[in-house]
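Any read-out appearing in this document is the output of simple, stated calculations on the displayed coordinates, not a laboratory observation. The shown structure was predicted, so the numbers you read here are calculated from the model rather than taken from an experiment. Here the Cβ is made from the backbone with ideal geometry for all residues, glycine too, and neighbour counts use every protein chain on show.
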Amino acid sequence: MRTNRQYSQALKSSLVKKMMVPGGPSASALSRTVGISQPVLSSWVRKYGRTVTMGKEERTPDKWASEDKVQAVLDTARLNEEELGLYLRRNGIHATHLEQWKAEIVEGMKSLENPGAERREQNLKIRELERELKRKEKALAEAATLLVLKKKAETIWGVREDGESE
């Protein structure tokens with residue numbers, strides 16, 4: 001068998017497309033037919049199969065709509081390993097995409113469980129920061145007043161050479 005870098009881009013693309021079509025052969029089955037190892041074919045799918053041409057538009061997993069992601073998670077929830085592999089190839093996604101989307105769904109559901117809690121925490125933080133800002137503004141105003149008074153005192157009484165008032 002030849003090494004990966006000796007195959008033309010056209011061959012790689014055509015074999016990946018064969019594996020990605022609905023009902024297309026798995027990497028193992030295609031490997032037996034074309035004489036290219038299954039790991040090489042699988043790596044091509046991972047590398048080049050991220051985009052699946054659907055009509056004239058390219059559809060990458062990161063461009064899927066939220067509804068499509070949820071539907072994909074629901075569709076694959078009860079599939080066995082073989083059916084899952086077929087679904088993934090047909091839709092041009094990987095199992096890692098499904099896992100990521102499941103995690104996003106769970107995170108979204110958690111935020112819906114207690115929507116007011118997060119808002120309350122933000123409001124408390126805002127109030128705390130506003131109190132701190134007021135305290136610092138008062139301290140800054142006091143420091144400015146002291147500087148003005150010091151300059152007036154120096155103007156009235158003058159300053160000795162050692163830096164103290166006379």
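Computed 3J(HN,Hα) for segment 133-149, one whole-Hz value per residue from the Karplus formula 6.51 cos²θ - 1.76 cosθ + 1.60 where θ = phi - 60°, is 4, 4, 4, 5, 5, 5, 5, 5, 5, 5, 5, 5, 4, 4, 5, 4, 4, glycine and proline marked x.
Length, then width, then depth: along the principal axes, the Cα atoms of segment 117-166 run 62, 17, 7 Å. For segment 57-130, the list of trypsin sites (Lys or Arg not before Pro) that fall in a loop by DSSP and count at most 10 other C-beta atoms within 10 angstrom reads R78.
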